[in-house]
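Shown next, in structure tokens, is the structure this report addresses.
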Ligand code: ADP
Ligand code: MG
């Protein structure tokens, strides 16, 4: 029998090994950026063509390499970062396996230009599909530039396996964020097909996050911080407004290195359990610092997974600090809604159609207790935010008497008893706050924010579905505008119509109001429209670019009842009712708390 075992040629072995490290253009970006940072680069640029298929180029102003090192760098297991096996446990740099460059060079054409600070000229190395093509002196700046061209040119199957440019581009930016966030003190420029995507100056962490995520992140981030002997935790967590339906902005950095960690993600997600719609994922940017020897980062070739020595303890600490962060900003009102539970703020009045959600406060709820409450709170989250809640009839079906119950005396008694509990339960303070008793204490609702939230969701719904009812004005009203106002308003007319504001162009700088939403009753619609325009113009540039959310927000702000407006029982009743039908009753769209609960504990303490 002939021998069948053969040694693979190096180039093939390299290609196979490369498959582990280099899966797509984004992997190249990650490795090159990490190397640039390890080399002490302070200004790093990333240039990408065709989502990395044609070119990925990373330039840094770091240490640079000597002539010999420039050649050596492409050898497998060539690394300047580990000298002995024991070094593996005290790694502070990003890469350390000495595999990245060899892997990249196996599946692409690579040009390296590099120069150390104390040498006069640089050196250029060319390699293609692991084949050394040549090295020669070159004029270049101190630092290093890698050009990676025609990725996977020699592995057509892999090249074909790549997704659309948009998708690959998304992966690339994702890798970029994972480096740019923890290394906010480094300045980065990112170009794609000659367009500048990012130009980030060296800055603080918060500024960097806001630069990457957009301005709205600024007011929606909460700082967290905690120091223990096991781990120190810092960073930012997003208020509920920043949560999304899909995963994306979840960042854990361990010793400044991005990692994925399902178990720790749960520690964060569970801290949000009561305040996010089910299925929504909180955004976070969390830095964990641990002694390097207490983690194992070598369990995955791309090193985004980490094993901690004391994972459970870290879970607890992380969970508690997120909880604390949310609590500090009153993001957790510990409100509990449960179908069929006892009614605590029942506000049903015989002559109204409006029914109140069943608000129940759980005095037992302890945010720091993790196991026992889980099942319940999960149920709560989904019941709170299910679209069913928006549908009164269904939710309160149980509250109404069925025909069979009608005759029952006990039931009748209960009903009356409830009715008595219900009436006169709201107090308005200073024309600002609606106060009502709940099981665990006193709930205080900011009336203006509550109304803004209600209107916002309604307008937004209208803008999306284009079918909000408007009440026709008996006499259409002509409103004259300044040229500027007129030009600004025109592109929005259709949107406004679908939000129930029937404004039509009348030419010559004027519009005519044919109808407005029923909520505007009793107010001067012209004044409201002017206020809305004024607010929107304060912050927006191009009227064509204004999103529905901004329109809805500003409409809500312009048309919500002001502070100082005296509210009747019935109005407070209605408002509470509508508030708790909102998808997010706890927060205004700009992240301020709408309500808070003063717990019995607090009251008792004060009266001690
Ligand atoms: P690792 O980063 O795991 O050490 P790499 O294959 O990524 O392995 O890089 C091999 C070596 O090449 C590094 O250890 C470093 O000495 C050198 N090197 C790579 N990129 C740069 C750079 N941008 N500037 C200076 N040296 C670099
Ligand atoms: Mg490396």
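We did not get these values from a lab; they are worked out from the coordinates using the rules stated. This one's a predicted model, so the numbers in the text were calculated from it and none came from an experiment. Heads up, the Cβs are rebuilt from the backbone with ideal geometry, glycines too, and the neighbour counts pull from every protein chain shown.
Among 263, 272, the ranking by other beta carbons within 10 Å of each residue's beta carbon, starting with the fewest, stands as 263, 272.
Under 1.5 on a/c is rounded, so check that first for segment 98-201, then, if it is not, pick prolate when a/b is larger than b/c and oblate when it is not; a ≥ b ≥ c are the square roots of the alpha carbon gyration tensor eigenvalues. Judged from the Cα gyration tensor, segment 98-201 comes out oblate (a/c at least 1.5, b/c at or above a/b).
Strictly greater than 12 Å: what percent of every Cα pair in segment 95-135 meets that? Roughly 61 percent, rounded to a whole number. Just to verify a number: FRET efficiency for residue 120 and residue 537, C-beta to C-beta distance, R0 = 45 Å, to 0.05? It comes to 0.15. Mean separation of Cα pairs under 8 Å and 6 or more residues apart, divided by the residue count, gives segment 159-247 a relative contact order of 16 percent.
The length gained by stretching the chain between residue 550 and residue 66 to full extension, at 0.36 nm per residue less their Cα-Cα distance, is 168.7 nm. One chain, two ends: residue 570 and residue 194. Fully extended at 0.36 nm per residue, the span grows by 129.3 nm beyond their Cα-Cα distance.
For segment 203-253, the relative contact order is 25 percent, taking Cα pairs closer than 8 Å that sit 6 or more residues apart in sequence and dividing their mean separation by the residue count. Within segment 485-509, find all residues whose amide N lies under 20 Å from a label point positioned 7 Å from the Cα of residue 471 along Cα-to-beta-carbon. Within reach of a label on residue 471, which here means backbone N under 20 Å from a point 7 Å along Cα→Cβ, segment 485-509 contributes 496-504. Inter-label distance, residue 207 to residue 296: 4.1 nm, where each label sits 7 Å from its Cα along the C-beta direction. Full extension of the chain between residue 160 and residue 521 yields a length gain of 123.8 nm, computed as 0.36 nm times the residue separation minus the alpha carbon distance. Using the Cβ-Cβ distance between residue 170 and residue 504 with R0 = 56 Å, the FRET efficiency computed as 1/(1 + (r/R0)^6) comes to roughly 0.85.
D for segment 482-608, whole µm²/s, Stokes-Einstein with Kirkwood Rh over alpha-carbon pairs at 4 °C and 1.567 mPa s: what number? Roughly 76 µm²/s, to the nearest whole number.
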